[in-house]
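Heads up: the structure comes next, in structure tokens.
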Amino acid sequence: MQYYTAQLRGIKFDFTFEEWCQWWERHLGPNWFNLRGRKKGQYQMARFGDTGPYAEWNVECITVTKNCSDRRLNGTGPSGEHNRGAKLTAKDVKAIRLDPRSCVEIGVTYGVTRTTVNMIRMRKTWAHIT
């Protein structure tokens, strides 16, 4: 699966299946298959700086939470309007923060929920927009 997803994203994958299994066992022990995954508390194979190939010299074993955090800090993950699912632009976010209307009214205007508007105003989301 990891080979397939790397291939879809255009990232070189330099492990054979056997090498990949051995890498996981070295890092997580014999129960590695149950410890790796995409859920909170599980582990992932992550590339240093989220660049280069998946290769022995360029990967580390980290938690899903750390991987997501690193992507945000490094700016390598899609954020803001670069995220495929974004309904808003940076210009919209700036306008929302200045708009005196209620979260419900603003949400209707922009086609988002009042919770989304509130999260933007509290800088829980779109925090990179000043």
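The values are calculated or read from the model by the stated rules, or taken from the named source; none is laboratory data. Note that the structure is a prediction, hence the values are computed from the model and not measured. Cβ atoms come from the backbone with ideal geometry, glycine included; neighbour counts cover every protein chain shown.
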Selection from the stretch 1-50 of residues among the charged types (D, E, K, R), surrounded by 10 or more Cβ atoms within 10 Å (Cβ to Cβ) and outside any loop (DSSP other than H, G, I, E, B) yields GLU19, GLU25, ARG26, ARG36, ARG47, ASP50
| message | Against the condition assigned by TED's automatic domain parsing to the domain that holds VAL108, modelled with pLDDT under 95, at negative phi and out of contact with any Pro (no Cβ under 6 Å at 6 or more places or on another chain), how does ALA46 come out, does it pass? | response | no
Of the residues in the stretch 105-130, those that are over 13 Å from LYS87 (Cβ atoms), out of contact with any helix residue (DSSP H, G or I) (no Cβ under 7 Å at 6 or more places or on another chain) and part of a loop (DSSP other than H, G, I, E, B) come to MET122, ARG123, LYS124, ALA127, THR130
